[in-house]
Amino acid sequence: MKKPLVSALTAALTFAACDDAQTPPVVHLPAPEPVIVVTAVRPVSASEPDSGTPLVQAPPPAPVDPLALAHERPGVDHLRLARQLLDDGDVRGALAEARRALFSSPDDTEVLELIATLGRQASQPSLSADAWGRIAAQRSTDAIPSIKQARAHLQAKDFTFAIAAGQEAARRDLGNPEAFQVTGLAQLASGDLTGAIASFRTVVGLQPDHGHALNNLGLAYLRANRNDEAVEVLEAAIEHLPTVAYVHNNLGVAYERVGRGADARAAYQEAMDLSPKYVKARLNAARVARGTVALDAAEEADVMSDVPHPLAAPRVDSP
């Protein structure tokens, strides 16, 4: 009985040995070095117990300046490069260098004024408006930067912002007619006839010989169908702007509205004599010659002059 038991135990040991022989050897790797984790811990005041919770804070993102252009060229005089490019006739290149100069000197008035000037020349009036707005913020009592900001917004057809900038200029200097002039132009362009009439009347009250304001007031009266008043102020505008064709054209429209056909024909002829290629005056004269019914306010877009650009107004930069 003992011999079979010994044989069985021997066989079991043999199988175990065979299995161990087929098992790959164990390779003992060295223990990894400990990793040290560093965290920022919020300082705890004497009255506040330490919770033991680490607080990791990422730095806030730097604000993006839409007027400046970032660069990584230390030691480069970008303002000097801008002036060189402008002298060479490269307005857009000069504008880009001026904006790079602003990246390093965000409050430099000289750089901001250059950007404002180049933005208008490069047909980017929104940049010009932004630059004048920053200058206006620096010169909190000066109306001129706000007037120029309003003009730039007007050029960009941002009429709401133009009105706001013009009104800010008027708040700073109630005696500056150009503050009310540019506000009126923006109001007229946006369809606010009541506001435009009030603004232009203020200009004329401050400066009775302001021919452009008189013309624009007459244009606002025509659009409001206040034709008798339009005749009166446009006749006054002619006295101060006798060689400006569109004023004669507008007066011709006013004469038509009040039934003065012969005077209308004479006004249109004068406009054509001053500007032979003035299409609106030629169309108006041809219509009057045909004896067509007098115009009403709904037809004004095709026959009256466009609003003159605000830069045409005189004495803009006077204090």
* More than 19 Å apart: what percent of Cα pairs in the stretch 152-289 qualify? -> 52 percent
* For the stretch 81-136, what percent of Cα pairs sit more than 14 Å apart? -> 44 percent
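Could you order LEU241, LEU86, LEU174 by accessible surface area, starting with the largest, using a probe radius of 1.4 Å?
So the residues, ranked largest to smallest area, are LEU174, LEU86, LEU241.
Kirkwood Rh over Cα pairs of the stretch 65-176 into Stokes-Einstein at 10 °C, 1.306 mPa s: D in µm²/s? Let's see the in-between values first.
On the way: Rh = 14.2 Å.
It comes out at roughly 112 µm²/s.
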* Cα-based Kirkwood hydrodynamic radius, the stretch 217-294, one decimal, Å -> 12.0 Å
* Cα-centre dipole for the stretch 77-218 with unit charges at Cβ (Lys and Arg positive, Asp and Glu negative), debye to 20 -> 280 debye
* Structure fact -> Once phi for every residue in the stretch 88-94 is put through the Karplus expression 6.51 cos²θ - 1.76 cosθ + 1.60 (θ = phi - 60°), the whole-Hz ³J(HN,Hα) values, with Gly and Pro written as x, are 7, x, 8, 5, 5, x, 5
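The values are calculated or read from the model by the stated rules, or taken from the named source; none is laboratory data. Every value quoted in this text rests on a predicted model; they were computed, and no experiment measured them. Quick reminder, even Gly has a Cβ in these numbers, built from the backbone with ideal geometry, and neighbours come from all protein chains shown. In case anyone asks, the SASA skips ligands and DNA or RNA and just uses the protein heavy atoms, side chains included. Shrake-Rupley method; radii C 1.70, N 1.55, O 1.52, S 1.80 Å.
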